[in-house]
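Scroll down for the structure; my scribbles are underneath it.
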């Protein structure tokens with residue numbers, strides 16, 4: 001995952017956390033729920049990026065092993 005993607009995902013989670021806290025402080029259920037959604041969305045994106053990176057790494061490792069075996 002690029003650093004930029006990771007920063008965007010974390011920022012989305014932090015904004016969501018701030019919205020949720022503001023919603024609680026102002027007794028605004030809509031804002032609180034929007035904050036929770038933002039946090040979950042950021043976490044899902046981060047997980048997706050991590051899985052993509054792991055899959056790419058596993059592919060590269062397998063390809064390297066095959067290339068080494070052919071030599």
Open item on the list: I need a count of the residues in region 23-36 that are assigned to a helix (DSSP H, G or I) and surrounded by 14 or more Cβ atoms within 10 Å (Cβ to Cβ).
Closed with: 6
TODO: Taking only region 37-68 into account, find how many residues are free of Cβ contacts under 8 Å to residues at least 24 places away in the same chain and either more than 16 Å from residue 13 (Cα to Cα) or not in a helix (DSSP H, G or I) (or both).
DONE: 16
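Each value in this text was obtained by applying a stated rule to the coordinates, not by laboratory testing. This one's a predicted model, so the numbers in the text were calculated from it and none came from an experiment. FYI the Cβ positions are ideal-geometry reconstructions off the backbone, even for glycines, and counts take in every protein chain you see.
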